[in-house]
Amino acid sequence: MCICVNCRWVDRCKTYHSVERQHGAKHLTLNPDFDPKEPIIHVSLIDKEQISTEIEWDVQACKSFCLDHGRWLRLRPNEKVPS
Ligand code: SF4
């Protein structure tokens, strides 16, 4: 689970913007202006029934993380929270 979905900077963050791009997801903002300190991105390869491989990007640690529980969901109510 990407910690960004519960971070107050998620809709301004340049790293989260990159994660969205890697997932082909709709951006929360087109112009991120926040540079996080030392985000650590975990990249995993997921085998999809031996037919294809998906790459998943998750921020697992970040010195700029600031807890704002449910921030992503409040910005995108009724959408599925990225996992
Ligand atoms: S946890 Fe770090 S990388 Fe993720 S949205 Fe917050 S500041 Fe950006």
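The values are calculated or read from the model by the stated rules, or taken from the named source; none is laboratory data. Since the structure is predicted, the reported quantities are computational estimates derived from the model, not experimental observations. Ideal geometry is used to build each Cβ from the backbone, glycine not excepted, and the neighbour counts take in all protein chains shown.
Tabulated results
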| item | result |
| --- | --- |
| Where a residue in region 4-15 is farther than 14 Å from Arg76 by Cβ and its partner, wherever it lies, is among the polar types (S, T, N, Q) and near the ligand (Cβ under 6 Å from one of its atoms), with Cβ under 7 Å and at least six apart | Trp9/Ser64 |
| Which numbered condition Gln60 fails, given (1) among the polar types (S, T, N, Q); (2) touching a residue at least 40 places away in the same chain (Cβ under 8 Å); (3) surrounded by 15 or more Cβ atoms within 10 Å (Cβ to Cβ) | (3) |
| Subset tally (residues that are under 14 Å from Ser64 (Cα atoms) and part of a strand (DSSP E or B)) for region 34-50 | 3 |
| Scope region 1-16; condition in contact with a Ser or Thr (Cβ under 7 Å, 6 or more places away or on another chain) and either of a type in the set (Lys, Arg) or more than 8 Å from the ligand (Cβ to nearest atom) (or both); matching residues | Met1, Asp11, Arg12 |
| Qualifying residue in region 29-49 (condition: under 10 Å from the mean Cα position of the chain (by Cα) and within 14 Å of Val5 (Cβ to Cβ)) | no |
| Members of region 17-33 that are in a helix (DSSP H, G or I) and either hydrophobic (A, V, I, L, M, F, W, C) or under 19 Å from Leu45 (Cα atoms) (or both) | Ser18, Val19, Glu20, Arg21, Gln22, His23 |
| Tally of residues being more than 8 Å from the ligand (Cβ to nearest atom) and either under 16 Å from Trp72 (Cβ atoms) or surrounded by 17 or more Cβ atoms within 10 Å (Cβ to Cβ) (or both) across region 23-54 | 7 |
| Subset of region 63-83 (residues that are polar (S, T, N, Q), modelled with pLDDT under 95 and surrounded by 14 or more Cβ atoms within 10 Å (Cβ to Cβ)) | none |
| Flag if Glu49 is at pLDDT 95 or above and on the phi > 0 side of the Ramachandran plot | no |
